[in-house]
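Structure record follows, encoded as C-alpha cells.
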Amino acid sequence: MNEETFSIKDSISGLWNKLDGWMDAIFLKLPNFVVAIIVMVIFYFIAKGLKKLAHNVLFRKVSDESIKQVLSKLIYAVVLLIGFFIALGILQLDKVLTSILAGAGVMGLAIGFALQGTLSNTVSGFMLSFQPKVRIGDYIDAQGNTGYVEEIDLRNVTLRQPDNDYVIIPNKTFVENPFVNYSWTERCRVSVSCGVGYEDDLQEVEDLVVKIIAENFEQRENEEVEFYFTEFGDSSINFITRFWITGQKPKPKFEAKHKAIKLIKKHFDERGVNIPFPIRTLDFAKNKLQMAPQKKSENNNESADYTD
C-alpha cells in the first residue's frame, strides 16, 4: 500500500515538473511572442499601404482596372507572407516550419485534387485579369446574365445588372463559355420595325424613312441607313430600318429607338401614311323566339284549339 502511494506521488511530482518546465519556457518565450505579434501587425499595415501605393502609383499606367487589382492583391499577399516567416524566425520555429513545408507537398497534392474547382477559378481569374477583352465597367452578357463588370477577383466575376441586382459568376464558367461585350466597340446598330398599309406607295415610304433617320442620326464613313421590306403581313406590309449610333451601354440604344419611333409616327401622320392594326368585329345577333304552330287535340270526341 505504501509502495503504491509512493509511486503515485512520484508520478504527480514528475507531471508537475513537466508543467513547471513548460511554464518557464512560455515565460521565457513571452517577449519573443510579443515581438512576433508586433512584427505581424507592422507587416499588415505595410502590406496594406503597399497595396494602395501599387494600385494608385506603381500600376497607374496599366489601363485595365482588373489587372491593377490582381497585382495589388498579389503584392499584399507576398508582404504578409514575408512577415509571417520573420515572425516564425523570432519564435525560433524555423525547424518546425521546415517540417511543415516538407509535409505540405503531399498535403498540397491532396488538397489540389479536393479543390480542383477553386484552383480552376483562381487560374481563370488570373487569365481574366490579363485579358483585355473584359474590363471593369464593361457592359456584358454572360450566359444570359447582363450587367456591368464591377469586380474581377481570383474566384468570381461580379456583375451589376441594370436593375441594381448583383450576379456572381465563377471565373471558370466565365472563361469556358462565350460572352458578349457591348462596351468593346464605340458604335452600335439600332433596329426599328413597323408596317404600312397595302394602299401606300412603298417607294415613298422607303425614301421618307431613310430621310428621317439620316437627318436625325449621324452616320459615319462606311455606315448607312438600311431599309428593307420584310413580309406581307395580315393587315400590313412590314419593314425594318437599321442605323448606327454612338453608345456602349443599353440606355443610348433605347433612347435612339424611342426617338426614331416618334419621328416615323409623326411624319407618317403628316404624309397620310397608314400604319394598320388588326381590327376584330364582334356581331352580337339577337336571337328571335320561334312561335309554336296551332295545335289540335281530341279527347272524348271533343276538340280544342290551343294558340300560343
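Annotation note: trypsin sites (Lys or Arg not before Pro) in the stretch 149-233 located in DSSP loop regions with a Cβ neighbour count of at most 14 within 10 Å are Arg220.
Calculated from the alpha-carbon coordinates, the stretch 187-271 shows an Rg and a Dmax of 13.0, 40 Å respectively.
If you add up the charges near Tyr228, with Lys and Arg at +1 and Asp and Glu at -1, over every other residue whose beta carbon is less than 13 angstrom from its beta carbon, what do you get? Surrounding charge for Tyr228 is -3. A crude spin-label estimate for the pair Thr185 and Asp163, with each label 7 Å from Cα along the Cβ direction, gives 2.9 nm. The slack between Phe254 and Arg220, meaning 0.36 nm per residue of separation minus the straight C-alpha distance, is 10.2 nm. Evaluated with a Cβ-only charge set (Lys, Arg +1; Asp, Glu -1), the stretch 173-268 carries a dipole of roughly 700 debye about its Cα centre, given to the nearest 20.
Starting from the Cα gyration tensor of the stretch 133-181, take the square roots of the eigenvalues, sort them a ≥ b ≥ c, and report rounded, prolate or oblate (rounded when a/c is under 1.5, otherwise prolate if a/b is larger than b/c, else oblate).
Working: a/c = 1.43, a/b = 1.25, b/c = 1.15.
The shape class here is rounded.
Computed from phi, the 3J(HN,Hα) profile of the stretch 184-199 under the Karplus parametrisation 6.51, -1.76, 1.60 (θ = phi - 60°) reads 6, 10, 6, 9, 9, 10, 10, 10, 10, 10, 7, x, 10, x, 5, 7 Hz, with x in place of Gly and Pro. Which pairs in the list Lys211/Lys253; Lys172/Lys253; Lys172/Lys249 are over 28 Å apart, alpha-carbon to alpha-carbon? Result: Lys172/Lys253 exceed 28 Å.
For the stretch 44-57, the Karplus equation 6.51 cos²θ - 1.76 cosθ + 1.60, evaluated at θ = phi - 60°, returns couplings of 4, 6, 5, 4, 5, x, 5, 4, 5, 5, 5, 5, 8, 10 Hz by residue, with Gly and Pro reported as x.
So, with +1 on the Cβ of K and R and -1 on the Cβ of D and E, and no other charges, what is the size of the charge dipole of the stretch 133-181 about its Cα centre, to the nearest 20 debye? Write down the numbers at each step before the final one.
On the way: 5 positive and 8 negative charges, 38 e Å.
That gives the stretch 133-181 a dipole magnitude of about 180 debye.
Mind running the shape call on the stretch 153-231? Use the C-alpha gyration tensor, a ≥ b ≥ c as the square roots of the eigenvalues: rounded below 1.5 for a/c, prolate if a/b tops b/c, oblate otherwise.
Numbers: a/c = 3.44, a/b = 2.65, b/c = 1.30.
Cα axes put the stretch 153-231 in the prolate bin.
Proximity of backbone amide H atoms, modeled 1.01 Å from N, is registered between Val157 and Ile169, Asn171 at under 5 Å, excluding neighbours fewer than 5 places apart on the same chain.
Values quoted throughout were computed directly from the atomic coordinates according to the rules given, and no laboratory measurement underlies them. What you see is a predicted model, and the numbers here were worked out from it, not measured in a lab. Methodologically, a virtual Cβ is constructed for each residue, glycine included, from the backbone with ideal geometry; neighbour enumeration extends over all protein chains shown.
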